[in-house]
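The values are calculated or read from the model by the stated rules, or taken from the named source; none is laboratory data. Because the structure is predicted, anything quoted here is derived from the model rather than measured. Using ideal geometry, Cβ is built from the backbone for each residue, glycine included, and neighbour counts are taken over all protein chains shown.
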Amino acid sequence: AKFTLKNPIAQQRWEFHHSDVQLGKLIGEGAYGEVREGTIKKREQTLEVAVKLVKISDFGLSRLGVNYTIRGPRKLPIKWLAPETISTFTFSLKTDVFTYGVMVYEIFTNGNEPWDGYSNAEVKKGKSDNEKSVFERLVTDSPPKAKPEAKPAGSSDDANAKEAGAEAQEK
C-alpha cells in the first residue's frame, strides 16, 4: 500500500541517511541492544564510528497479535512492565506503549532504571500514596499542550489496532 505523509518532518543537518551508515563487526551487546564497528559517509569523508543499536523488542515476550496473556510461571522484567501487565499478565498495544515510554525515560535520564531503589516486590505491591512515579510527574507536571489526550477504551484507535493485529496474524 502506498501512503503520503501530509506533514513530513524535514531531515535535520545532524541526521544521517541510513544508506550513509555501514555496519561492521559486533563489538558488544547487552540486554538493550548492541554496539558495532561502523563507518559513516558524510560530505565526502568516511569516518570510523561505534554504532549503537537499541533493541526495543524481545524480552522473550514478542508475539504477533493484539493481546497476549502469559500462562504459567515466568521471569518478567517487572520494573519495565505496565501496571496492568503486572496484575493481569496480559500484554496489549497499550502496555507496549508504556514499556516503550520506559525505554524513552531511560534514554532521557542517561540510563537511569525505572523504580531505582525499589525491589520488584515493592513495585508489584505499589508505591506509597504520597509519592509520584516519574511517569506521573511527567504527565501531571507537563504543560497542558504537552499532555496526551485520554481516549476511552473502545475508541476508533482500539478498533484500528485490533484490525492491524488481525492482518498481522493472517500473514
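Below, the figures for the structure above:
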item: Leading residue by the ranking (farthest from the chain's Cα centre (by Cα)) among those in the range 13-56 that are in a loop (DSSP other than H, G, I, E, B) and acidic (Asp, Glu); result: Glu44
item: Residue identified as over 30 Å from Ala121 (Cβ atoms) and surrounded by 14 or more Cβ atoms within 10 Å (Cβ to Cβ) among Lys6, Lys41; result: Lys41
item: Residue within the range 1-8 that is outside the structural domain of Lys125 (by TED's automatic domain parsing), part of a strand (DSSP E or B) and without any contact (Cβ under 8 Å) to a residue 60 or more places away in the chain present; result: no
item: Among residues of the range 86-116, those that are outside any loop (DSSP other than H, G, I, E, B), more than 15 Å from the chain's Cα centre (by Cα) and without any contact (Cβ under 8 Å) to a residue 12 or more places away in the chain, counted; result: 1
item: Output for the range 59-85, where each listed residue is of a type outside the set (D, E, K, R), in a helix (DSSP H, G or I) and more than 16 Å from Gly33 (Cβ to Cβ); result: Ile78, Pro83, Thr85
